[in-house]
Amino acid sequence: MKLSQRLQYILEQIPAGSRLADIGSDHGLLPVAAVRSGRVSQAVAGEVNDGPLRAAQKQVAEAGLTDRIAVRKGDGFVVKVNEVDVITIAGMGGALIASILEQGKDKLASVKQLVLQPNVGEDILRRWLIKHQWVLINEHIMEEDGKIYEVLTAVPASESSLKQDELYRAWELPGSSLVLTEDLLMQLGPLLVKAPNETFFSKWQLEIRKLQDVLAQVARSDQESAQHKQEQLRKQIEQLEEVLACLPKDRQ
C-alpha cells in the first residue's frame, strides 16, 4: 500500500510508539500504514459517512489488523478519554477541524500531539490552537497533484519550549517598513514565513491573483460600500506583494 505524499508526510509527524486516532479517516489508509510500519501500536479510524466507513473496515480487515485498529462511525472524536496520544485530522476545512477539536476538547487531556491538514482556513485553525494552549512545532506546505496543502503539527503549551508570544511576535521584514503582525502571521503561518519554499510563494501569488479578480469585480459596482471594499482589497494585495518581495528567495 502506497500513501500519497501528503499522507506520508502526516505519517512521519507521528512520534514512534504512539496510539493514534485518525478523524475523518476516509478509507483508513493512514491508520493501516501507521500500524503496519510499527510507528503506532494501535489506532482508531473515525468516519461519519457509510461508504468510506465500509472501505476503512475492509482495508483494516484485509490488512489483518482488526485487533489493533478500531473503525468507528461518528462525526467527531470517536475516542475515549486517555485512549490515544496523537490525533490526525486531514482533508477538511480549517473551520470544521477547529469545530471538531472544540467539541472533543474534553478528550484532549492525554493527547500529546495534533497533526492537522486543513484544505482552507488555516488561520482559523491557528487561532483555535492559540486559544486552547496548543503550540505549533512544525508547519509544512507542499503541492501534490496540482493542489497545495499545509500540515500543522502542534503540542500542548506545557510540553513546548517555544512560547506562543515568541511564535507570533511581530517582526519587521528585512528591507521593508512592513511589520508582520500577529494577524499576518496567522494568515501566512509563523513558521512557514520564516522558511518559505517554492510552494509557499506559489500559494500566495495565486491568492494575490484571486484578490485582483475580486477587486476588478468590486470596481464595477456602483454601491457606496464598494469604494471601501476596493481600498481594503488594494491594501491587502499591496501587503502580500511586499511580503513576497522581501522574503528570502532561496525557496528551499
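The values are calculated or read from the model by the stated rules, or taken from the named source; none is laboratory data. What you are looking at is a predicted structure, and each value in this text was computed from that prediction instead of being measured. Virtual Cβ from ideal backbone geometry, glycine too; neighbours counted across all protein chains shown. Surface accessibility is based on the protein's heavy atoms, side chains included, excluding ligands, DNA and RNA. Shrake-Rupley method; radii C 1.70, N 1.55, O 1.52, S 1.80 Å.
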Cβ pairs under 8 Å, 6+ apart or interchain, first in region 163-192 and free of Cβ contacts under 8 Å to residues at least 24 places away in the same chain and under 15 Å from Glu242 (Cβ atoms), second in a strand (DSSP E or B) and open to solvent by 70 Å² or more (accessible area, probe 1.4 Å), ordered by first then second residue, are Val179/Glu172
Of the residues in region 114-134, those that are open to solvent by less than 60 Å² (accessible area, probe 1.4 Å), part of a loop (DSSP other than H, G, I, E, B) and either in contact with a Gly (Cβ under 9 Å, 6 or more places away or on another chain) or among the charged types (D, E, K, R) (or both) come to Gly121
task = Report whether or not Ser202 is hydroxyl-bearing (Ser, Thr, Tyr) and farther than 24 Å from Tyr149 by Cα.
result = no
Given (1) touching a Gly at 6+ places or on another chain (Cβ under 9 Å); (2) farther than 30 Å from Gln205 by Cα; (3) free of Cβ contacts under 8 Å to residues at least 60 places away in the same chain, Ile100 misses just (3)
Condition (residue is of a type in the set (D, E, K, R) and touching a residue at least 40 places away in the same chain (Cβ under 8 Å)) applied to region 79-87: is it met by at least one residue?
yes
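Here is a check on your reading of the model: is Ile137 in a strand (DSSP E or B), of a type in the set (A, V, I, L, M, F, W, C), open to solvent by 10 Å² or more (accessible area, probe 1.4 Å) and out of contact with any Gly (no Cβ under 7 Å at 6 or more places or on another chain)?
It is true that Ile137 is in a strand (DSSP E or B), of a type in the set (A, V, I, L, M, F, W, C), open to solvent by 10 Å² or more (accessible area, probe 1.4 Å) and out of contact with any Gly (no Cβ under 7 Å at 6 or more places or on another chain).
Determine, yes or no, whether Asn138 is polar (S, T, N, Q), out of contact with any Phe, Trp or Tyr (no Cβ under 9 Å at 6 or more places or on another chain) and at pLDDT 95 or above.
On the way: polar (S, T, N, Q): yes; out of contact with any Phe, Trp or Tyr (no Cβ under 9 Å at 6 or more places or on another chain): yes; at pLDDT 95 or above: yes.
So Asn138 fits the description; yes.
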